[in-house]
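*Asks:* Supplied in structure tokens, the structure appears directly below.
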Amino acid sequence: MPTQLWYIKHANLFSWLADDEQRDIADRSEMFRCQRNSKLFFAEESSEDIYLIKEGRVKLTRTSATGREMILDILGPGEIFGELSLIGEENRSHSAVALDDALVCKMARSDFEGLLQRHPEMALKVIKLIGMRRRELEMRLEDLLFQPVGNRLALALLWQAQRHGISEENGSIRIPLSQKNLAHLIGSSRESVAEQLTKWKKSGLVTTSYRSIKIIDPQGLKIFFKQNSTEKSDS
Ligand code: CMP
């Protein structure tokens, strides 16, 4: 099994640091396994640690006053989360829940701050990451506001396929995600997601199995999106 240091060396954010600095991070951080569906932290809790995902995926969620879940994002190996405390957010903006059995590394915020002080380039990388996540969120918000459910689902599947999909030899891409989680990702109901998937199954675009969707024809999904987009170009 790879060591804690191996994972630090292979994470984008840390891979460029000198050996002794990487070793120091590995020594100061705690690596632990968590089971699927276990909560790493809750929204509004005070923020003390920064996390790095080594194996598996973690979803960032919030639950509305009426109990509806919304998934903000799904992160995978090599990605960090819980970093907003570094820019002054004292409480967690979202809950973090393991979507698979995962291996995660936890660092005290004070240790991470020390790292940023020693390496201003690292601070720049974190700022860029926060900015990039904000931009992605703005784009998704636009889709949530202006696109019909089918298009939101097509975009979410293509997005998840690109980030966490498992490519198969025949060109199809498997996405290990339940229909419920897909619904929470696009602000819709499980029933609407199931209804759209049934239509796509009939036209050969996707297949479904337990907690998993397979995109058989990614190009077909893109064409579906274009044909059904409510945002027509003027040209
Ligand atoms: P924190 O607020 O400590 O805990 C919740 C985490 O969700 C947050 O830090 C970020 O790591 C992460 N997060 C917040 N906003 C986004 C976003 N737009 N995209 C991806 N991750 C985010």
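The values are calculated or read from the model by the stated rules, or taken from the named source; none is laboratory data. What you see is a predicted model, and the numbers here were worked out from it, not measured in a lab. Counting neighbours? That spans all protein chains shown, and the Cβs are built from the backbone with ideal geometry, glycine included. We work out accessible area using only protein heavy atoms, side chains counted, and drop any ligands, DNA or RNA first. Shrake-Rupley method; radii C 1.70, N 1.55, O 1.52, S 1.80 Å.
*Asks:* Any residue at all in region 201-211 that's without any contact (Cβ under 8 Å) to a residue 60 or more places away in the chain and surrounded by 19 or more Cβ atoms within 10 Å (Cβ to Cβ)?
*Replies:* Among the residues of region 201-211, at least one is without any contact (Cβ under 8 Å) to a residue 60 or more places away in the chain and surrounded by 19 or more Cβ atoms within 10 Å (Cβ to Cβ), which makes the answer yes.
*Asks:* A follow-up question, please. For region 81-115, give me each residue that is under 15 Å from the mean Cα position of the chain (by Cα) and either assigned to a helix (DSSP H, G or I) or within 12 Å of the ligand (Cβ to nearest atom) (or both).
*Replies:* Once the filter is applied, which keeps residues that are under 15 Å from the mean Cα position of the chain (by Cα) and either assigned to a helix (DSSP H, G or I) or within 12 Å of the ligand (Cβ to nearest atom) (or both), region 81-115 yields F81, G82, E83, S93, H94, S95, A96, V97.
*Asks:* Restricting attention to region 7-28, report how many residues are polar (S, T, N, Q) and within 16 Å of the ligand (Cβ to nearest atom).
*Replies:* Here the count works out to 1.
*Asks:* Scan region 39-66 residue by residue and report those that are closer than 19 Å to K180 by Cα and under 16 Å from the mean Cα position of the chain (by Cα).
*Replies:* Restricting attention to region 39-66, the residues satisfying the condition of being closer than 19 Å to K180 by Cα are 39, 56-66.
Within region 39-66, K39, G56, R57, V58, K59, L60, T61, R62 meet the criteria.
*Asks:* So which of L157, L197, L177 is touching a strand residue (DSSP E or B) at 6+ places or on another chain (Cβ under 7 Å) and not in a helix (DSSP H, G or I)?
*Replies:* Values: L157 fails: not in a helix (DSSP H, G or I); L197 fails: not in a helix (DSSP H, G or I).
Just a single option satisfies the conditions, and that option is L177.
*Asks:* Scan region 1-36 residue by residue and report those that are surrounded by 11 or more Cβ atoms within 10 Å (Cβ to Cβ) and of a type in the set (S, T, N, Q).
*Replies:* Q4, N12, S15, Q22, S29
*Asks:* Taking region 37-73 only, how many residues are outside any strand (DSSP E or B) and open to solvent by 60 Å² or more (accessible area, probe 1.4 Å)? Can you show your working first?
*Replies:* Going residue by residue through region 37-73, those that are outside any strand (DSSP E or B) are 37-38, 42-45, 47-48, 56-57, 64-68.
Remaining after also requiring open to solvent by 60 Å² or more (accessible area, probe 1.4 Å): 37, 42, 44-45, 48, 65-66, 68.
Residues that pass the stated criteria total 8.
*Asks:* Also, I was wondering about something else. Give the residue, chosen from H184, H164, that is of a type outside the set (D, E), in contact with a Gly (Cβ under 6 Å, 6 or more places away or on another chain) and either at pLDDT 95 or above or open to solvent by 80 Å² or more (accessible area, probe 1.4 Å) (or both).
*Replies:* It is H164.
*Asks:* Scanning region 67-80 for residues that are at negative phi and more than 12 Å from the chain's Cα centre (by Cα), which turns out farthest from the ligand (Cβ to nearest atom)?
*Replies:* The extreme case among them is R68.
*Asks:* Right, another one. Select, from R163, R133, the only residue that is among the basic types (K, R), in a helix (DSSP H, G or I), within 13 Å of the chain's Cα centre (by Cα) and assigned by TED's automatic domain parsing to the domain that holds L99.
*Replies:* R133 is the lone residue from the list that is among the basic types (K, R), in a helix (DSSP H, G or I), within 13 Å of the chain's Cα centre (by Cα) and assigned by TED's automatic domain parsing to the domain that holds L99.
*Asks:* Just name the residue that is nearest to L52 (Cα to Cα) out of those in region 101-116 that are touching a residue at least 12 places away in the same chain (Cβ under 8 Å) and open to solvent by 60 Å² or more (accessible area, probe 1.4 Å).
*Replies:* Among those that are touching a residue at least 12 places away in the same chain (Cβ under 8 Å) and open to solvent by 60 Å² or more (accessible area, probe 1.4 Å), it is R109.
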